[in-house]
Amino acid sequence: MRQLIAGNWKMNTVTAEAAALAQALRNGVPGCDVLVCPPATQLVAVAGILAGSPVAVGGQDCHWEAKGAHTGDISAPMLRDAGASWVILGHSERRANHAELDETVREKAVAAAAAGLAPIVCVGETDEQRSAGRETEVVGWQLAGSLPKDFAGVVAYEPIWAIGSGKSATEEDVETMHAFIRAELLRQFPETGAAMRILYGGSVKPSNAASLLALPDVGGALVGGASLVAQDFLAIARAARPG
Ligand code: 13P
């Protein structure tokens, strides 16, 4: 399975920074799929710079409706129109800061697919939930609630305690959780679950990328902080398993 290395720029970059970063990534990295998800205000510019390059562009969220009275929101067709082909949904920062429920994420995934966007649905437990031994239970509920019945996208496992902390999950944690997610995907999608990519996210950096990306059932990485530094993001992409 070809790995996907996705950069989530979160709420970072003004135009000059976004343009410089996109320019530096234009050639991509052979052997893996590369995606960047800039803030919505940078989408058109970044998509323009990356047009014709192997690097795809995505949004960081979308509304569940195609248009209407939703001040401040952005719809999936708008992202598509701006040059996106992917969208991140249900990131833990959105679940926490915007009270997004599994059901909301599921409706967004339906809207994304209808607009021709490939969704990356994020799941992951808090530190407290892991300490209580509830991590698979929590992720199981998130998968059951967030993925629509005809889901055809990517799942990203991002343990919340590993995001932005500099401390990634251990190889053992990642292997165990990805095996659990694979089993859940096969249960929910008996025909297609085997081929769905499962990304790991949470403090992925050049120094740990190769070991994380070598693990079984890791279909790529969702990278936050390190995706804002072109040479770090490219180093992570170069660590992808050839395939
Ligand atoms: P960091 O790579 O900064 O830990 O962020 C991970 C993340 O949230 C990507 O969506």
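The values are calculated or read from the model by the stated rules, or taken from the named source; none is laboratory data. Note that this is a predicted model, so its numbers are computed, not measured. Neighbour counts run over all protein chains shown; Cβ positions are idealised from the backbone, glycine included. Keep in mind that these areas ignore ligands, DNA and RNA; they rest on the heavy atoms of the full protein, side chains included. Shrake-Rupley method; radii C 1.70, N 1.55, O 1.52, S 1.80 Å.
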Subject >> All helices (runs of 4 or more DSSP H) inside the range 1-104 with 2 or more residues being within 16 Å of the ligand (Cβ to nearest atom) and not hydrophobic (A, V, I, L, M, F, W, C) >> reply: 92-97
Subject >> Of the criteria (1) farther than 25 Å from Gly116 by Cβ; (2) modelled with pLDDT of 95 or more; (3) within 15 Å of the ligand (Cβ to nearest atom), which one Val155 fails >> reply: (1)
**OP:** Could you tell me whether the range 47-70 includes any residue that is under 22 Å from Val121 (Cα atoms), charged (D, E, K, R), without any contact (Cβ under 8 Å) to a residue 60 or more places away in the chain and open to solvent by 60 Å² or more (accessible area, probe 1.4 Å)?
**Re:** yes
Original post:
Would you pick out the residues in the range 43-80 that are among the β-branched types (Val, Ile, Thr) and either out of contact with any strand residue (DSSP E or B) (no Cβ under 8 Å at 6 or more places or on another chain) or farther than 16 Å from Ala111 by Cβ (or both)?
Top reply: Val44, Val46, Ile49, Val55, Val57, Thr71
Original post:
Does the range 116-151 hold any residues that are part of a loop (DSSP other than H, G, I, E, B), over 17 Å from Asp61 (Cα atoms) and away from the ligand (no atom under 16 Å from the Cβ), and which are they?
Top reply: Ala132, Gly133, Arg134, Lys149, Asp150
Original post:
Of all the residues that make up the range 171-199, how many are within 15 Å of the ligand (Cβ to nearest atom), more than 18 Å from the chain's Cα centre (by Cα) and among the β-branched types (Val, Ile, Thr)?
Top reply: 0
Original post:
Among the listed residues Ser146, Ser165, which satisfies the condition of being surrounded by fewer than 21 Cβ atoms within 10 Å (Cβ to Cβ) and at negative phi?
Top reply: Ser165
**OP:** Among what's in the range 117-143 and is under 18 Å from the mean Cα position of the chain (by Cα) and among the β-branched types (Val, Ile, Thr), pick the residue that is surrounded by the fewest Cβ atoms within 10 Å (Cβ to Cβ).
**Re:** Thr126
Subject >> Selection from the range 18-46 of residues that are crowded, with 23+ Cβ neighbours inside 10 Å and in contact with a Leu (Cβ under 6 Å, 6 or more places away or on another chain) >> reply: Ala22
